[in-house]
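To start, the structure under review is shown below, and the notes come after it.
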Amino acid sequence: MTESNIILKTLGRRIATLRKQQGMNQEEFAEVSGKMINTISNIERGLSDPKITTLLSLAEALNVPVDSLFSDNEQPPIEELPENVQAILKLIKNQDTRTLKTIQKQIEALLELTKF
């Protein structure tokens, strides 16, 4: 197996893991990411060499930075997070980027208020 094949298989497993952590099956992930289910399947099995634009779409659909597709030391599985954090993540997981930025600013403002 070549080095590039190993990288593609590792990338595919990481994307599959992140997708499952988000509670999505391949069909749902394909819809959210705007990609064909065959594309998702081939990437996750390490059979496809995705373009950077595809990786960007997948990362956005997973609500993660694109570099986290290549590294698994980012965050614990959702099941290991406190229940209230899990509930918040479920509420916001399908929101668009603009809405997520607004939510982030509101949370930051609330946290500032609690410092007093």
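Taking residues in the range 49-60 that are farther than 20 Å from N5 by Cα, and partners anywhere that are among the hydroxyl-bearing types (S, T, Y) and not in a loop (DSSP other than H, G, I, E, B), the pairs with Cβ atoms closer than 8 Å and at least 6 places apart or on different chains are S57/S33; A59/S68; E60/S33; E60/T97.
Looking at the range 13-51, which of the residues that are part of a loop (DSSP other than H, G, I, E, B) and of a type in the set (A, V, I, L, M, F, W, C) is nearest to F70 (Cα to Cα)?
We begin by selecting, within the range 13-51, every residue part of a loop (DSSP other than H, G, I, E, B); these are 22-25, 34-36, 45-51.
Among the residues that remain, those that are also of a type in the set (A, V, I, L, M, F, W, C) are: 24, 36, 47.
Numbers: M24: 19, M36: 21, L47: 16 Å.
Out of the qualifying residues, it is L47.
Residues of the range 12-26 being more than 16 Å from L89 (Cα to Cα) and in contact with an Asp or Glu (Cβ under 9 Å, 6 or more places away or on another chain), which ones? Working first, answer last.
Our first condition is that a residue be more than 16 Å from L89 (Cα to Cα); within the range 12-26, this holds for 12-17, 25-26.
Matches in the range 12-26: G12, R13, R14, I15, A16, T17, Q26.
Checked against (1) under 30 Å from N5 (Cα atoms); (2) surrounded by 15 or more Cβ atoms within 10 Å (Cβ to Cβ); (3) of a type outside the set (V, I, T), D67 passes all but condition (2).
We did not get these values from a lab; they are worked out from the coordinates using the rules stated. Keep in mind it's a predicted model, so treat the numbers as computed, not measured. Cβ atoms come from the backbone with ideal geometry, glycine included; neighbour counts cover every protein chain shown.
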